[in-house]
Structure formats: structure tokens, C-alpha cells
Amino acid sequence: MLKLIKNFKKKDWLIIFISFILIFGGVFLELKMPDYMSEITKLVQTEGSKMIDIIYNGIFMLLCALGSLVGAIIVGYLISFVSSSFSARLRSKLFRKVESLSMGEIKNFSTNSLITRTTNDITQVEMLIGMGLQLLIKAPITAIWAVTKILNKSWQWSLITLIAVLILFCMVIFLIIIVMPRFKIVQKLIDKVNGVMRENLSGIRVVRAFNAEKYQEDKFEEVNTNLTKQQMFNQKNFAILSPIMYMVMNGLSLAIYFIGASLINEALMSSKISLFGDMIVFSSYSMQVIMSFLMLAMIFMMLPRAEVSALRINEILETKSSIKEGNIEEEPEETGSVEFKNVSFKYPDAEEYLLKDISFKANKGETVAFIGSTGSGKSSLINLIPRFYDATDGEVLIDGINVKDYKFETLFNKIGYVSQKAVIWSGTISSNVAYGKSKKLKDINKIKEAVEVAQAREFVEKMDNKYDSFISSGGTNISGGQKQRLSIARAIAKDPEIYIFDDSFSALDYKTDAHLRKALKKYTKDSTNLIVAQRIGTIMNADKIIVLDNGECVGVGTHKELLKNCAVYKEIALSQLSKEELENA
């Protein structure tokens, strides 16, 4: 928790200092009221007292109460501002941190856990700051001040108050020891609940198609029941504190009056009124002492869960990305070239290499395709170019410069990437195609041109609002082929030096695929095209085809050359097309 405090700004510390002054003043006013009460008690018991004096002290009591109320309202507003602005900064920092991590680090945290940490965990910390900060300032001040007021009244009263405080303190420590480990389990169970919910919502079509609603309900019921049991355990234990608190407070009041009655009975007549006033004052101050310790107890109740949440947040913030940004941002003389020099790659913590000694060069204007069986390393190879991962050995060069030396923004501006799974955001057709910072992407004519090249114009212009038609999150209201075409249009609209198509034509029918490749070849003739594909028909006209098998390059050449020289390629080709089709291709 202490590590997160460094996220406070100077303005926050100033507000906390002002709140400290206001709380100090509020405590002074609250602790002043028993003095006026004692004075009123003495005036009522003393013969010849004037009513105006009683009213005078009563007015001061009301003013103290009003001043304390106003101060509490102002402090509540200020601390709420600090806690909400702190959580906003922390959530933003956490989001940016996740964005900066490489795929290797992100895979160490599940999506469900990242969502929980960005929402629920930060909320727990915010609640601790919003409520705990006020109590943390007020409780010690109240306790110390109240104790100094009652120490010289009576050792019997002081002793009984000390016993009451010790009982509450032991109870709080006991609860923390029992409940603290359970809160760690609770946060992990919330991750699991989020995970089951995400799976159910994202796979709702499959769930219904297989009549698996009951299976999903049982799956959710299991994790939900586990979470409920843990929460119930924690809440039942904390519920013990409330009756014990009231029992101690009421028992303390009874003990003070019982001891006070005995002391007054044994005192001289001249001291009885003074003792009675002291008993009233001591009773009020002892309640303030107990309340201050109860305020600390409330902090201890919130602290365990907030501490667990803080550790989970820091776990992400302290994760160091294995991919470091370079410093080159100027454009080199050579443009559009991609070169792999003896590149080998294995995933973090893996023992075996996935890619082994890959070397090739794609020049500006060339189309280079990659093909191979499932698991041969095609997508992994492509992912080294935009630095989703870094090569374990060897070099990946763009325009003659190692990708590790580029600033991220410069590197990504050179690349138009279409992922294996089409990614669509909620918004309009235009906002999905014009995704990015570049001003030219806001040009509707540029958007229309990109949509037309991607063979998406026909279905877009049939929609009610055309380019302003709404697309739901994940593109659930359009087909898989339409999502792929919009993803391709997004890359085309960017006008990059290098296009990367990671199996981005798999959802298209053969006719659309052929038209798209023809339009794309014409439109991107001055750019480098890197295509990962499963279909021979998609890549047979490429300038260079690289055949991968078990992470090794087993063939490089044109379609016709590979049919003659590469057994792996020929096997793939014959599994998709007949000999006649291959000969006439």
C-alpha cells in the first residue's frame, strides 16, 4: 500500500494538510462540548445559578456542534476529491502500463485478472483512502486528546476504560489474523467469476447451439458459490465486532456510573457536585476514546482487502517489459524493405526454439508469402516484425535498421497490420476504418477508397446509415468475412510502407478473395506485402513464397519453383488443388 502513496501529487498532500487542520479543529470543538456540559451540570446543581449562564453555555455547545458539522462536510468533500482523483490517475497508469507490456508479460496475467485489477482492486484502494484517511487522521487526535482530558479524573475510571480498549484491540487483531488470508482468495475468486462471465458472453452462440445453458449455469454457480462462501465467512467474522463494540461501550458507561455512584456516596458533601460533574465529563470523554479506537478498527477492517488489492496492482506496475523502446525516429534512405538475418525465436520460459535460423529479404514492392502446416511458426515469425515479441537470436531489419532501434511510434507507422482474428471496436464503419492518429484517416474519401479496395463497399452501402452505420463490440452484428474486410480496409487506409496479413483472408469466399488480392496488388504496388496464408490460391502469385516446417525454412521461391523443388509445398498444394489446377495456375 505504501508503494502506491508515491502516486499522490503535491496538490493532494496540500488538501490532506488542510483536512488535517479542519479535523483538528473539529476534534477540538467536539471535545469542548463535554466541558460545557459539565459546567451546565454544576450550574443546575448550584443554588443561585442564573438561567442566562445555562443558556450561554448551551449556545456554545450548539456552536461547537455546528462548527464540527461544517468542518466534517468540508473534509468529506476534500478527501473524496483526493481519493477519486487518485484512483483515476492510478487506473490510467495501470492501463498505460498494460499497453506498454509485451505479449510475453501480458500472458502472465489473465484477461479476467487484468479487468478485476483495473476496476475492483482500484475501487478497494479508493475506498480505503476516501474513508480511511479521515479516520486515520481523526482517530489518533481524538484518542490522545481525550485521554489527556481524563487521566487526572480518577484512576478507577481510567483503568476500566483501558480494559475496554484492550478488549476491542484484541478483537480487531484476532479478526485481522483470521480474515486477511481470505481476502486474497476473494480477489482471485472474483477473477474466476469474471472469467466465466466473459466466456459465457463471448461464446453465447455456441452455448445455445449445444444446449449447454445448464452446463454454463452450473459452472457459474460453482465459482459464484465459492465466492459467496468466502465473503460470508469474512462478513460473519466482522459482524462479531458490532455486538462486542456496543457491549463494551454500554458496559463501560455502566461501570463508570457504578464506580461514580460509589465515589460520590463516599465523598464529602462539598465534593459531591464536583464528582458528579467529573463523572458526566469522564463518561463523554471515555466514549470518545472508545469511538476513536473503533474508527481505527474500521480502518483495520478495510485495510486487509485494500492491502491485497494494492499488492495485485503493484504486481502489474512493477512488471518490467522485456521489449525496450529504441531512439531512432528519422526516416532512413531505404524504405519498404524487411529482412530476417539468421533469426531464431523461442517463447519466454520455453526450452525449445519455435523458429530456427530464418533468413530472407523482402524488398519494396514485393509480395512475400509464408505457408506451412499448423504450428510451423508462420504467425510467430510475422509477430517479430511489429515487436509483439523480440527475436531470441539474429536480427529483424526494417529499411536496413534493426526493429529494436526504432521508437515504437516510428516503427508502427511503417506497418499496416491485419491480425489473424479480425478485431472490431464498437462504433461506426468510419471509426473502425479510420482507426489511429493520422489526420488523413479522417478523410471520408480515403475511408471509401480503403473500403472499396477491401471489397467491403457492397455490404457497407447496403446498410441503413452506410459509413455511419453502427458496429457492435467485436462486430457481432456483421459476418466473419465482413469483419475481415473491414480489418483489411483499416490497414489500407493507413497507407503504410509494409502490409502484414496474418491469415487475414481465411473467412473470405474464393471469389471475394481473388477480387481482393487483385485490387490489393494494384493499390499496394509500391508497398511491401507480407502474407501468411493457408490457401495455395491466396499466395500462388506472390513474388516469393517461404515454406516453413517445424520452425525451419524448407523452401524459398515462386509457386512453380516450389512445386518442383519443395516436397512440403507440393504436398500442401496437392491437398488443396488437383494436378490439373496446379499445372494451369
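Read-outs: derived from the displayed coordinates by stated rules, not from any lab. Note that this is a predicted model, so its numbers are computed, not measured. All Cβ positions, even for glycine, are placed from backbone atoms using ideal geometry, and neighbour counts span all protein chains on display.
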Quiz prompt | Translational diffusion of the stretch 107-171, µm² s⁻¹ [Kirkwood Rh, Cα pairs; Stokes-Einstein; 20 °C; 1.002 mPa s] | solution = 139 µm²/s
Self-check item: Full-extension gain in nm, F17 to F95, via 0.36 nm per residue minus C-alpha separation
Solution: 25.1 nm
Quiz item: Once both axes come from the Cα atoms, what is the angle between helix 133-150 and the longest principal axis of the chain, in degrees from 0 to 90, rounded to 10?
Solution: 20 degrees
Exercise. Could you compute the FRET efficiency for T228 and K525, with r as their C-beta to C-beta distance and R0 at 56 Å, rounded to 0.05?
Key: 0.35
Quiz prompt | Check: the chain dipole with +1 on Lys, Arg Cβ and -1 on Asp, Glu Cβ, in debye | solution = 840 debye
Exercise. Rounded to the nearest Å, what's the spacing between the alpha carbon centres of the stretch 374-404 and the stretch 456-521? Just the number, please.
Key: 26 Å
Exercise. Any chance you could give the angle, 0 to 90 degrees and rounded to 10, that helix 213-239 forms with the longest Cα principal axis of the chain?
Key: 30 degrees
Practice problem: State the dimensionless ratio Rg/Rh of the stretch 163-232 (Rg: radius of gyration of Cα atoms; Rh: Kirkwood radius). | Solution: 1.30
Quiz item: Once you charge only the Cβ atoms, +1 for Lys and Arg and -1 for Asp and Glu, what is the size of the charge dipole of the stretch 90-317 about its Cα centre, to the nearest 20 debye?
Solution: 420 debye
Quiz item: When only alpha-carbon atoms count, how far does the stretch 90-317 stretch along each of its three principal axes, as whole angstroms with the largest first?
Solution: 90, 39, 22
Quiz prompt | FRET E, pair F81, Y246, Förster distance 45 Å, beta-carbon r, rounded to 0.05 | solution = 0.85
Practice problem: Starting from the Cα of K525, draw a straight line to each of the aspartates and glutamates and keep only those under 16 Å, dropping any in the same chain fewer than 8 residues away. | Solution: E366, E449, D495, E497, D543
Quiz item: Sequence-distant or interchain residues sharing an amide H contact under 5 Å with G416, placed H: which?
Solution: I498, Y499, I500
Quiz item: Using r as the Cβ-Cβ distance of F8 and M180, and R0 as 35 Å, what FRET efficiency do you calculate, to the nearest 0.05?
Solution: 0.90
Practice problem: Between L166 and F258, with labels modelled 7 Å along Cα→Cβ, what's the label distance in nm to one decimal, could you check? | Solution: 1.7 nm
Quiz item: Taking amide hydrogens as modeled 1.01 Å from N in the peptide plane, which residues meet the under 5 Å criterion relative to I545, leaving out close sequence neighbours?
Solution: A369, G557, T558
Exercise. Subtract the Cα-Cα distance of W425 and H515 from 0.36 nm times their separation in residues, and report this length gain in nm to one decimal.
Key: 29.8 nm
Self-check item: Ranked E266, E395, criterion: other C-beta atoms within 10 Å, fewest first
Solution: E266, E395
Self-check item: Farthest positive-ward along the chain dipole, Cα basis, beta-carbon charges - from T335, G377, M249
Solution: M249
Quiz item: Relative to the present Cα-Cα distance, how much length would full extension add between F210 and S373 at 0.36 nm per residue of separation?
Solution: 55.7 nm
Quiz item: Is the shape of the stretch 320-394 best called rounded, prolate or oblate, per the rule: a/c under 1.5 gives rounded, else a/b larger than b/c gives prolate, else oblate, with a ≥ b ≥ c the square roots of the Cα gyration tensor eigenvalues?
Solution: oblate
Quiz prompt | Set of aspartates and glutamates with alpha-carbon distance to K9 below 17 Å, sequence-local pairs under 8 removed | solution = E126
Quiz prompt | Listed residue (A519, F388, A454) projecting farthest to the positive dipole end of the chain, Cβ model | solution = A454
Quiz item: With charges only on Cβ, +1 for K and R and -1 for D and E, what is the dipole size of the stretch 421-577 about its Cα centre, in debye, rounded to 20?
Solution: 400 debye
Practice problem: Report, in deg cm²/dmol and to the nearest 500, the calculated mean residue ellipticity at 222 nm for the chain, where each DSSP H run with n ≥ 4 adds -39500 (n - 2.57) and the sum is divided by the residue count. | Solution: -20500 deg cm²/dmol
Quiz item: Per-residue HN-Hα couplings for the stretch 500-505, Karplus 6.51 cos²θ - 1.76 cosθ + 1.60 at θ = phi - 60°, whole Hz, x for Gly and Pro?
Solution: 10, 10, 8, 6, 8, 10
Quiz item: Pairs K324/K494; K446/K564; K346/K518; K93/K364; K356/K446; K521/K560: which are spaced more than 31 Å apart, C-alpha to C-alpha?
Solution: K446/K564; K346/K518; K93/K364; K356/K446
Self-check item: Crossing angle, helix 241-266 versus the chain [Cα axis fit, 0-90 degrees, rounded to tens]
Solution: 10 degrees
Practice problem: Would you mind telling me the antiparallel percentage of the DSSP bridges in the chain, rounded to 5? | Solution: 50 percent
Quiz item: Alpha carbon centre of the stretch 332-358 versus the stretch 88-155: separation in Å?
Solution: 43 Å
Quiz item: Restricting attention to the stretch 435-510, which trypsin sites (Lys or Arg not before Pro) occupy a DSSP loop and are surrounded by at most 15 other Cβ atoms within 10 Å?
Solution: K437, K462
Exercise. Give me Rg over Rh for the stretch 34-189, both radii from the alpha carbons and Rh done the Kirkwood way, two decimal places.
Key: 1.19
Quiz prompt | Debye equation applied to the C-alpha atoms of the stretch 424-495, log10 I(q)/I(0) at 0.28 Å⁻¹ | solution = -1.46
Practice problem: Take the alpha carbon gyration tensor of the stretch 376-427, find the square roots of its eigenvalues, order them as a ≥ b ≥ c, and report rounded if a/c is under 1.5; if not, report prolate when a/b exceeds b/c, else oblate. | Solution: oblate
Quiz item: Taking H as built 1.01 Å from N, whose amide H comes closer than 5 Å to the amide H of Y347, not counting residues under 5 places away?
Solution: L354
Exercise. Please sort 320-330, 411-421 by packing, taking for each peptide the average over its residues of neighbouring beta carbons within 10 angstrom, highest first.
Key: 411-421, 320-330
Self-check item: Note, ³J(HN,Hα) from phi for the stretch 310-315, Karplus 6.51, -1.76, 1.60, rounded to Hz, x at Gly and Pro
Solution: 5, 5, 5, 5, 5, 4
Quiz prompt | Normalised convex hull volume, the chain, alpha-carbon set, Å³ per residue | solution = 215 Å³
